[in-house]
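The structure appears right after this line, and notes come after that.
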Amino acid sequence: MMDKYTKLQMVGIYAAITVFLIFILLPFFEMFMASLRPLEHLFRSPYQFWSEDFSFQAYSDMWETVPLLGRYIFNSVFIAFSVTFLTMIFVVPAAYAYARLEFPFKNATLAIFLGVNMFTGAVLLIPLYRVLRTMGLLNTYWAMIVPGVAFLIPTGIWLLRSYLEKIPKELEEAAFVDGASRMYTLRRVVLPLATPGLIVVGTAVFIGAYAQQFLFAITFNQQRELQPLPAGLFEFIGYQDVTWNQMMAAALTGILPVLLIFLFLQKYLVAGLTAGAVKE
Amino acid sequence: MRGEKMTEATHATGQEAESSVAKKKAKTLSEPVFAWLLIGPAMLFIAVIVAWPLAETIRLSFMEAGLGGEEYVGLANYQDLADSRKFHQTIVRTFYWMFLSVGLKLILGLIGATLLNAAVPGRGLFRVLVMPPWIIPMAIGMIGWLWLYNGYFGVLSGTMMSLGITDGPFEFLAYKQSAFYSAVVADVWVGTPMVTLFFLAAMQGVSRDLYEAAWVDGAGRWYRFRRITIPQIMPVIVSMSLLSAIFTFNSFEIIWILTEGGPRAATTTLIVDTYKTAIGNFKFGEGSARAVIIVFLLGVFSILYLQVLKIVNRKYGTK
C-alpha cells in the first residue's frame, strides 16, 4: 500500500520524532529532575546527570519558602476563570452574529476584531496603565482580568464562529417560523446545540487566559496577595539564594491544572482550534 | 464603531414568500439591528480597552509625558528616535529576530507536521506530547529554559563540559551572541507547537485521492510531498507565517524573563525597548512613540504580506 514504510524508513521516522520530542520536552524533563534533587546537589559542580538521593521533598517545602504559593495558584485559576466567563459572555452573541446574520459592515468589523491580535504584548500598556489607574482598577484582580478579556475576545469569536457555522440552519428556521423571537431562538435552540463547541472554545480561552497573565500582572498589579502564579514564582529567587528545586516543583504544580484540562479535551481542542485554518 | 448608522438599516430581508413568516418578521427585530445588538457589547469593550488606548498612544507620542504631567513637544520624540543609532540597531535586530525565529518555526513546524502525519503506530500520543510548550504559561516555560541555560547547573553546559567542548561552565545568557541565539531557540520552542498543529491539520485536509493518483502513477514520497502536500497547504503556510511573524515581533515575556533585553542590549527588540522606556522609566511619551512605530511597522509588514497571500491564493486556489 501507499502508506507502507520499509523497516529502515520506520526507524528513521521514529528517530526523527524522538529528536523533535526531545527538543519539545527537554525543559519539562529537566524541570522535573531539578525539582527532585536536594538543593545542595543542584549546586554541585561539575554538572551531574544523576543524583543518588532524589526525593519529593521540594514539593512539600515549597509551601513554606513562599507562603503565598497556594494563594498564587488560586489567583491564577480564579483570574483565568473570570476572564473565560466574561470573554464568553461577549463572544457568544458576537460569534452567532458573524456565523448566521447578514448586516452592514460585517466583514469590516470582523477585520477590526481580528486586527486586535496585532496589538498583543506591550504596545498598549502605557495608555492601558493610565486607563486602569483612572478607573481605580490598578492593583486589583480587575487590572488583570479586563485586559485579558479584551485580548481573548477576537480569538474566541473566530473559533466559535466556525463552529456555529456547522450547525444546521433548519432548526433555527423552524423555531422562527413557529413564532419564536430571535433572542429566544438563540437561547433555546442554538446554544443547546452549540454546547460542545462552547466547551471547546471556553477551554481554549481558559488556556489562553491562564497563559497570558504574566505581563498584565507585573505591569498592573503590585499587590502580592493578588499575584498569579507566573509572577509569584519569581519569589523563589530570593535575596540570598535561589531555591531552584522548589521553584521547579512549584512551576510544575502550577501547570498541572491546564495540562490536565488539555489532556481530557485534547481531541476536541485540536480539531476545534484548527477548524478555521483548514477551511479557509 | 459607527453603530448609530446601523439602526436605520431596517430593510426587510424577506426572501421567503410565506406571508405568516413575513408578518412575524415585522414584529421581531430586523436582522441588522439584531446583529448589531449582538456584536455591540464586544465592540464597545474592544473600543474602550484597545481602540481608545491606541488613540491615546498616538496622542502621547507627541507629548513629553511622565508620572507628573504632559507637555506637547511635536515630533521631538520621533526626531530623537530617528537620530538614535541605538534605535536603528534595535529595529534591525527586531527584524533579524523575527525572520530568524519565524523561519525556524516554519521549518520545524513543517518537519514536525510531516512526521506526525506519518502513518506510524503511536502518532496519537506524539501529537499530544508536542503541545505543552504552547498551552502552558510562557513565563513558566521560560523558567525551564533559564535552568537549561544556567552555566553551572544546566544540562546544556553540563553536557558541553563532559564532552569537552568547553573547559568550564558556559553561561548561555551572559554573552551578547549566545544570549541572542539562546532567546531565539526558546522563542522557537514556544512557537513551534502551534505551527506544527496547524500544518498538521492542513495536511490532513488534503484529499487522499490526489496522493493515490500520484502513487498509481509511480510518484515517490518526496515527489508527492513537493508536488502535492506543499502546494495544497500553501495557503495555510502563508497565513500561519504572518500570524507567527506578528507574535514573534511582539514577543515580550520570553526575552524579558530570560535576559530583560541584555546583555548590553543584545536581546533588546522593539517591544522590550518600548516596555523599558515606558513602564521601566516612566517615559510615557518616548515609549508611546516607540509603540506607534511598532504598530506602523507591523501594519506595513502585514499589508505587504497580505498582497503576497493574494498572489499565493490565486496561484494555488483558495482551498
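Taking into account only those residues within the stretch A:128-144 that are buried (at least 23 other Cβ atoms within 10 Å of the Cβ) and out of contact with any Leu (no Cβ under 6 Å at 6 or more places or on another chain), which is modelled with the highest pLDDT? Step through it out loud before you land on a result.
Within the stretch A:128-144, the subset buried (at least 23 other Cβ atoms within 10 Å of the Cβ) is A:128, A:132, A:143-144.
With the extra rule that they be out of contact with any Leu (no Cβ under 6 Å at 6 or more places or on another chain), the set shrinks to A:128, A:144.
On the way: A:128: 86, A:144: 91.
Looking at residues that are buried (at least 23 other Cβ atoms within 10 Å of the Cβ) and out of contact with any Leu (no Cβ under 6 Å at 6 or more places or on another chain), I get A:144.
Against the condition more than 9 Å from every other protein chain (Cβ to nearest Cβ) and surrounded by 15 or more Cβ atoms within 10 Å (Cβ to Cβ), how does residue A:159 come out, does it pass? It is true that residue A:159 is more than 9 Å from every other protein chain (Cβ to nearest Cβ) and surrounded by 15 or more Cβ atoms within 10 Å (Cβ to Cβ). Residues in the stretch A:86-101 that are within 7 Å of chain B (Cβ to nearest Cβ) and either without any contact (Cβ under 8 Å) to a residue 24 or more places away in the chain or among the basic types (Lys, Arg) (or both): A:97, A:101.
Looking at B:162, B:207, B:178, which one is surrounded by fewer than 20 Cβ atoms within 10 Å (Cβ to Cβ), of a type outside the set (A, V, I, L, M) and within 9 Å of chain A (Cβ to nearest Cβ)? First the steps, then the outcome.
Details: B:207 fails: within 9 Å of chain A (Cβ to nearest Cβ); B:178 fails: within 9 Å of chain A (Cβ to nearest Cβ).
Answer to the selection: B:162.
Exactly one residue out of A:104, A:67 is over 19 Å from residue B:48 (Cβ atoms), over 24 Å from the mean Cα position of the chain (by Cα) and more than 9 Å from chain B (Cβ to nearest Cβ): that is A:67. Screening residue B:251 on (1) modelled with pLDDT of 85 or more; (2) surrounded by fewer than 19 Cβ atoms within 10 Å (Cβ to Cβ); (3) not in a helix (DSSP H, G or I) shows it passes everything except condition (2). Yes or no: the stretch A:170-186 includes at least one residue that is surrounded by fewer than 15 Cβ atoms within 10 Å (Cβ to Cβ), among the small types (Gly, Ala, Ser) and within 28 Å of residue B:54 (Cβ to Cβ). No, that holds for no residue. If the condition is being surrounded by fewer than 20 Cβ atoms within 10 Å (Cβ to Cβ) and facing chain A (nearest Cβ under 7 Å), then the stretch B:55-75 contributes only B:56.
Quick one: which of A:182, A:187, A:224 is free of Cβ contacts under 8 Å to residues at least 60 places away in the same chain, of a type in the set (D, E, K, R) and more than 10 Å from chain B (Cβ to nearest Cβ)?
Answer to the selection: A:187.
Scanning the stretch A:234-265 for residues that are in contact with a Phe, Trp or Tyr (Cβ under 8 Å, 6 or more places away or on another chain) and either over 29 Å from residue A:200 (Cβ atoms) or not in a helix (DSSP H, G or I) (or both) yields A:236, A:242, A:243, A:244, A:246, A:247, A:248, A:249, A:250. Using beta carbons and a limit of 8 Å, which pairs, at least six apart or on different chains, have the first residue in the stretch A:67-85 and within 15 Å of residue A:247 (Cβ to Cβ) and the second one surrounded by fewer than 18 Cβ atoms within 10 Å (Cβ to Cβ) and among the aromatic types (Phe, Trp, Tyr)? Every condition considered, the pairs that remain are A:69/A:63.
To keep it simple, each residue is scored yes or no on (1) more than 24 Å from residue B:246 (Cα to Cα); (2) among the hydrophobic types (A, V, I, L, M, F, W, C).
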site: B:84; (1), (2): yes, no
site: B:102; (1), (2): no, yes
site: B:117; (1), (2): yes, no
site: B:129; (1), (2): yes, yes
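Kindly indicate the residue of the stretch A:145-155 that is within 20 Å of residue B:295 (Cα to Cα) and free of Cβ contacts under 8 Å to residues at least 60 places away in the same chain and also surrounded by the most Cβ atoms within 10 Å (Cβ to Cβ) among those meeting that condition. Step by step, filter the stretch A:145-155, then rank; the result is A:150. Taken over the stretch B:160-208, the residue count meeting the criterion of being assigned to a loop (DSSP other than H, G, I, E, B) and touching a Pro at 6+ places or on another chain (Cβ under 8 Å) is 3.
Considering the stretch B:131-159 alone, what residues qualify as being surrounded by 22 or more Cβ atoms within 10 Å (Cβ to Cβ), touching a residue at least 12 places away in the same chain (Cβ under 8 Å) and either basic (Lys, Arg) or assigned to a loop (DSSP other than H, G, I, E, B) (or both)? Within the stretch B:131-159, B:150, B:154 meet the criteria. Just so you know, in the stretch B:217-226 the residues that are part of a helix (DSSP H, G or I) and either within 11 Å of chain A (Cβ to nearest Cβ) or aromatic (Phe, Trp, Tyr) (or both) include one that is nearest to the chain's Cα centre (by Cα), and it is B:225.
Only one of the listed residues (B:229, B:259, B:268) is under 30 Å from residue A:9 (Cβ atoms), surrounded by 21 or more Cβ atoms within 10 Å (Cβ to Cβ) and more than 12 Å from chain A (Cβ to nearest Cβ). That residue is B:229.
The values are calculated or read from the model by the stated rules, or taken from the named source; none is laboratory data. This structure is a prediction, so every number in the text was calculated from the model and none was measured. Neighbour counts run over all protein chains shown; Cβ positions are idealised from the backbone, glycine included.
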